[in-house]
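First the structure, in the form of structure tokens, and then the observations on it.
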2 protein chains.
Amino acid sequence: MLTDRQLFLLQLLVNDYVVSAEPVGSRSIAKRDDVHFSPATIRNELADLEEMGFLEKTHLSSGRVPSEKGYRFYVDHLLSPVLLSEDEVGNIRHAYRKKFSEKEELIRVTAQVLSEFTNYTAIMLGPELMDMRLKHIQMVKLNQTQGVLIIVTDTGHVENKMVTFPKSIRAEDIEKIINILNDKLENVPLYQLQARLNKEISNVMRLHIRDYNRVMNMLQESLTMDDPEQIFCSGKNNILAQPEFQDVKKIISLLNVLEGKEIVHEIMSMPATGLHIRIGRENKLNGIEDCSLITTTYSMGGEHLGTVAVIGPKRMAYPRVVTLIDTVSKILTENLTK
Amino acid sequence: MLTDRQLFLLQLLVNDYVVSAEPVGSRSIAKRDDVHFSPATIRNELADLEEMGFLEKTHLSSGRVPSEKGYRFYVDHLLSPVLLSEDEVGNIRHAYRKKFSEKEELIRVTAQVLSEFTNYTAIMLGPELMDMRLKHIQMVKLNQTQGVLIIVTDTGHVENKMVTFPKSIRAEDIEKIINILNDKLENVPLYQLQARLNKEISNVMRLHIRDYNRVMNMLQESLTMDDPEQIFCSGKNNILAQPEFQDVKKIISLLNVLEGKEIVHEIMSMPATGLHIRIGRENKLNGIEDCSLITTTYSMGGEHLGTVAVIGPKRMAYPRVVTLIDTVSKILTENLTK
DNA sequence: AATTAGCACTCGGATAGATCGAGTGCTAAC
DNA sequence: GTTAGCACTCGATCTATCCGAGTGCTAATT
């Protein structure tokens, strides 16, 4: 039930506000070449849009600013994805020119690219450790009592744990243990490791290994997986340059939110497929009421792997960010899959 | 040649300024119970101290503030190390209660403890990767063409590299290669790996392995070590709460410095033994002219491993930080060594 | 000779008006 | 339906003023 002219004006106003960060008045809209009606007409239209809840004023006689409802409408109906210039596409590709020897590095670089090109903050969630499956397990002895237990997963992720083994243990025993583990635990999801260890392995172990109890304790401990998420964050400071965050208190509270774990939960609460936008209070997390969150996902060979997120002010360059996050997540998927 | 009274007043003034962050006037000093002379006398003394360069005024009729020379003198001659309360020692120990399965985690937690207890920013430098020696090397095949190369060092650090191998390669070949590498490269410093590979290994390899060239290329690439330093930083945001950084521009520039690599070089330029303090412009790095840097080192079984640093405003609680950084680095060394 | 009381002076910070300009809503004319 | 005109609002900026915490200097006191 918005007239074409109202749609047009709403779009103009959001676009204008996004770059200027100042409330937009009727005069400044009327000045544009593509607007052929007077400030007074515009005032009337804007008053209507305000009445419908799409716009707000910061004070009685100020210009207008989009409300959250306004942004939502804009994002849902007026957002025309922007094309990246060839230069920019080239620059992005350039960031991926080098060979990546670790998957983590690839993800980290993606976060960097995204934060640099959007000028907002990028957060990448890696695959959940718990969902991976064990591919191979290995023990390296460092000295008489210490060693490193290495766990390689099907996705090529490597976890390592410092272990202290009982003095009584012999080198052959260690080898035996590792063989048993590799034999019995291949392709078991990490979250099941401990359970399997207790159920299926303890029997075999008891037969072959001296000092059974101590060894089991040691393994028990080493196979505890904590770190539930891998997080790569880049461009935290970008947000500080935004005019809406010139207040030191806001800066502190926002930075603290970005450091914390809650932001990860917020991101994980986004639908797990496709591109999604949460504007201001649509986010459930306190502290980012004035921010918008855009997420999409990336994968590796068809398998969903993790989430890409950009967080910036509500007054965000939505078209550009949408295009960028989409492009970058595709490049990442491509790179991971090949 | 400062009189006792001047020493006393300088100490009082620094202590006062450190907690209040306000220029200190003669009246407020005279009010103290342990001061038995009048504001006028104090003014005379402070004027002398100022003339000698230990104090400064922010404007003509303001109270006094320590100059860098003043801080330096304070740190060198007046610093009385503070004792931690039993509660605090308990709290610190408490942070280390859990078992650490990775050395990195232990260092990370130490950074956290230090930043929390000092309320400044803690930066820990891990051991230089390049100085470590190879303990064991291992390849895990993920699928037909991809695998993970795992490098374990003598310090128990684990590096992993994604590799793509030529299709022609056979499982036995991989095993042979790894055996050769382990045989020839044990205890070789990481920075020599590539050179050794070319010199000593290529001959053996040529004899035993088909598709020699491709394999060598693959290994060549995998044994390139980049990441020269491990950095753990905690409490970046603590500094923001300090009254001297209430200016958004300062915040941004300081945070950018803390993100950057230069701060690592600055820390590495500190003497490699004992506890050291650099005040304000004594730091060569632009952007931390208003900060002080305190560093010491930690080790593992007698072997120097890395550096602990705290960065805060020049107006820093030196006695407390010195005690804390010392305590914490000892605990870390203890934990690593045992 | 060292200390201190007294006093004029300085300067930053807070407070209160005055002014300006960009904006609005409303009414009446086009 | 559109627009010109006008009274009105409110934040931002500037200015003047005042206050208080501080100083340095001089002269009196110990």
- Query: What number goes with the only condition from (1) within 14 Å of chain B (Cβ to nearest Cβ); (2) at pLDDT 95 or above that residue A:162 does not pass?
  - Reply: (2)
- Item | One residue from A:78, A:84 being away from DNA strand D (no atom under 14 Å from the Cβ) and either more than 26 Å from residue A:241 (Cβ to Cβ) or hydroxyl-bearing (Ser, Thr, Tyr) (or both) | A:78
- Task: Answer yes or no as to whether residue B:72 is surrounded by fewer than 22 Cβ atoms within 10 Å (Cβ to Cβ) and either in contact (Cβ under 8 Å) with a residue 24 or more places away in the chain or closer than 21 Å to residue B:237 by Cβ (or both).
- Result: yes
- For residue A:121, indicate whether it is surrounded by fewer than 23 Cβ atoms within 10 Å (Cβ to Cβ), touching a Leu at 6+ places or on another chain (Cβ under 7 Å) and within 14 Å of chain B (Cβ to nearest Cβ). no
- Note on the structure: Picked from region A:18-39 (must be under 24 Å from residue A:76 (Cβ atoms), within 11 Å of DNA strand C (Cβ to nearest atom) and assigned to a helix (DSSP H, G or I)), the residue nearest to the other protein chains (Cβ to nearest Cβ) is A:20
- Query: Restricting to region A:21-33, what's the tally of residues that are loosely packed, with under 14 Cβ neighbours inside 10 Å and within 14 Å of DNA strand D (Cβ to nearest atom)?
  - Reply: 4
- Quick one: what pairs do we get from region B:4-30, first residue in contact (Cβ under 8 Å) with a residue 40 or more places away in the chain, second acidic (Asp, Glu), C-beta under 8 Å, 6+ apart or different chains? B:5/B:45; B:6/B:45; B:6/B:48; B:9/B:45; B:21/B:244; B:24/B:16
- Item | Inter-residue pairs, beta-carbon under 9 Å, first acidic (Asp, Glu) and in region B:34-46, second open to solvent by 20 Å² or more (accessible area, probe 1.4 Å) and near DNA strand C (Cβ under 8 Å from one of its atoms), 6+ apart | B:45/B:5; B:45/B:37
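So that you can scan it fast, the table gives a plain yes or no per residue for (1) open to solvent by 10 Å² or more (accessible area, probe 1.4 Å); (2) in a helix (DSSP H, G or I); (3) within 14 Å of chain A (Cβ to nearest Cβ); (4) in contact with a helix residue (DSSP H, G or I) (Cβ under 7 Å, 6 or more places away or on another chain):
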{"site": "B:46", "(1), (2), (3), (4)": "no, yes, no, yes"}
{"site": "B:93", "(1), (2), (3), (4)": "yes, yes, no, no"}
{"site": "B:98", "(1), (2), (3), (4)": "yes, no, yes, no"}
{"site": "B:110", "(1), (2), (3), (4)": "no, yes, no, yes"}
{"site": "B:134", "(1), (2), (3), (4)": "no, no, yes, yes"}
- Does residue B:248 satisfy being in contact (Cβ under 8 Å) with a residue 12 or more places away in the chain and β-branched (Val, Ile, Thr)? no
- Item | Hey, residue B:67 within 15 Å of residue B:14 (Cα to Cα) and either in contact with a Cys (Cβ under 6 Å, 6 or more places away or on another chain) or away from DNA strand D (no atom under 13 Å from the Cβ) (or both) or not | yes
- Item | Single residue of B:131, B:173 found to be under 36 Å from the mean Cα position of the chain (by Cα) and at pLDDT below 90 | B:131
- Query: With region A:192-293 as the region, which helices (runs of 4 or more DSSP H) entirely inside it contain at least 3 residues that are open to solvent by less than 60 Å² (accessible area, probe 1.4 Å), closer than 30 Å to residue A:146 by Cβ and away from chain B (no Cβ under 14 Å)?
  - Reply: A:202-208, A:212-222
- Task: Starting from residues that are surrounded by fewer than 18 Cβ atoms within 10 Å (Cβ to Cβ) and not polar (S, T, N, Q), keep the ones in region A:1-11 and report whichever is nearest to DNA strand D (Cβ to nearest atom).
- Result: A:5
- Task: Run residue B:181 past the list (1) in contact with a Pro (Cβ under 8 Å, 6 or more places away or on another chain); (2) more than 15 Å from residue B:121 (Cα to Cα) and report the number of the one that doesn't hold.
- Result: (1)
- Matching residues, region B:143-154, being open to solvent by 10 Å² or more (accessible area, probe 1.4 Å) and out of contact with any Ser or Thr (no Cβ under 8 Å at 6 or more places or on another chain): B:143, B:144, B:154
- Filter region A:53-69 down to residues that are without any contact (Cβ under 8 Å) to a residue 40 or more places away in the chain and out of contact with any Asp or Glu (no Cβ under 8 Å at 6 or more places or on another chain) and give me whichever is farthest from DNA strand C (Cβ to nearest atom). A:69
- Condition check for residue B:306: assigned to a loop (DSSP other than H, G, I, E, B), open to solvent by less than 50 Å² (accessible area, probe 1.4 Å) and modelled with pLDDT under 95: no
- Query: Which condition does residue B:42 not pass, out of (1) more than 16 Å from DNA strand C (Cβ to nearest atom); (2) farther than 30 Å from residue A:162 by Cβ, if it passes all the others?
  - Reply: (1)
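The values are calculated or read from the model by the stated rules, or taken from the named source; none is laboratory data. Please read these numbers as outputs of a predicted model, since none were measured by experiment. A quick note on method: Cβ atoms are made from the backbone with ideal geometry, for glycine too, and the neighbour counts reach across all protein chains shown. To get the accessible areas, we keep the full protein, side chains included, count just its heavy atoms, and leave off ligands, DNA and RNA. Shrake-Rupley method; radii C 1.70, N 1.55, O 1.52, S 1.80 Å.
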